[in-house]
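Each remark here refers to the structure printed beneath this line.
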Amino acid sequence: MKPFKIITWNINSVRLRLPLVEQLLDHEAPDVLCLQETKCPDDKFPDAALRKCGYPHIAKFGQKGYHGVATLSRHPFKSSFSRDFCAKGDARHIAVDLSVGPGLRIHNFYVPAGGDEPDPAINPKFEHKLRFVDEMKAWIGGEEAARPAILVGDLNIAPYESDVWSHKQLLKVVSHTPVETEALEAIRETGNWIDTQRHLIPEPEPVFTWWSYRSGNWEVANKGRRLDHIWASQSLSGTIAATRVLKHARGWDRPSDHAPVVTEFTF
DNA sequence: ATGACGGATCTAATCCGA
């Protein structure tokens, strides 16, 4: 049976990198592609070009300049909706219900980055990030974990020691501080979600999905972090067949600083 | 400093990413 393939990718501007998205869809032909940081209002989203690639079903929630998520699919949706985390009105989540298979729900998240200073008392961006993941725990850890579901996205947290190039040097760096990694692990454990990457690639093997634009030679330095995730609800356990990071996409011309992450399921 | 790039925006210098 043909596996069900899902990809998540922080694209860092879908309009600027439309040719890269088309290239990815051509080469990988996923069933579903979830994009984050589309930086594109809904009325400017390149629907027509992406439909032409074989993805007629598009659920998008964008805004001007920042954030933005979109889910493209070969299969029709029964419905889609967004939840307004922290009641800020920003475009950080979209969910779709597929009308094929076991009534699968797919959540696509762009969790706040959190700024520089890992102290909620002096950094409102970090305070927002902690509030966001707290709200995720209440919802994603409860009722939403009980259905067949896949949760993907740029969660902006690298939870485990081998998810960063140096655990010790990043303990006080936003994305790998204990308050963040413990919060993400609490969401996952509360909902009994399966981290599909670590399910098939256990620690201590390093897995990175993001390399900063700022290091001259990202590939040689390899100072990466695993910020992009694909989780599966417990009812999909036993269907998780393969996972990989498409690291070569980080080396494409004018790349995103995130690489796409793929997981395949055999439903 | 890990590090000093890259995107969007009322096209210039500013905010943001993580």
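Take every Cα pair under 8 Å whose residues are at least 6 apart in sequence, average their separation, divide by the length of segment A:111-207, and the relative contact order is 32 percent. Stretched out straight at 0.36 nm per residue, the stretch from residue A:78 to residue A:199 would grow longer than its current Cα-Cα span by 40.6 nm. Secondary structure note: in segment A:38-155, about 70% of the DSSP beta bridges are antiparallel. Structural descriptor for segment A:41-139: relative contact order 18 percent, calculated from alpha carbon pairs under 8 angstrom and at least 6 residues apart. Just subtract the alpha-carbon distance of residue A:147 and residue A:22 from 0.36 nm times their residue separation and send over the number in nm, one decimal. The residue A:147-residue A:22 span can extend by a further 41.8 nm.
Straightening the chain between residue A:42 and residue A:116 buys 23.7 nm, computed as 0.36 nm per residue apart minus the Cα-Cα spacing. 3J(HN,Hα) along segment A:139-144, derived from phi through the Karplus expression 6.51 cos²θ - 1.76 cosθ + 1.60 where θ = phi - 60°, amounts to 9, 5, x, x, 4, 6 Hz, with x in place of Gly and Pro.
When the Cα centres of segment A:45-97 and segment A:146-172 are compared, how far apart do they sit, in Å? That distance is 23 Å. With R₀ set to 22 Å, the beta-carbon distance separating residue A:97 from residue A:241 gives a calculated FRET efficiency near 0.50.
Taking label points 7 Å from Cα along the Cα-to-Cβ direction, residue A:213 and residue A:15 give a separation of 1.6 nm. With 30 Å as the limit, the listed pairs A:125/A:223; A:44/A:129; A:44/A:137; A:5/A:44 have A:44/A:137 beyond it between alpha carbons.
Bear in mind these aren't lab numbers, they're just calculated from the coordinates by the rules spelled out. Values in this document were obtained by computation on a predicted structure and should not be read as measured data. Ideal geometry is used to build each Cβ from the backbone, glycine not excepted, and the neighbour counts take in all protein chains shown.
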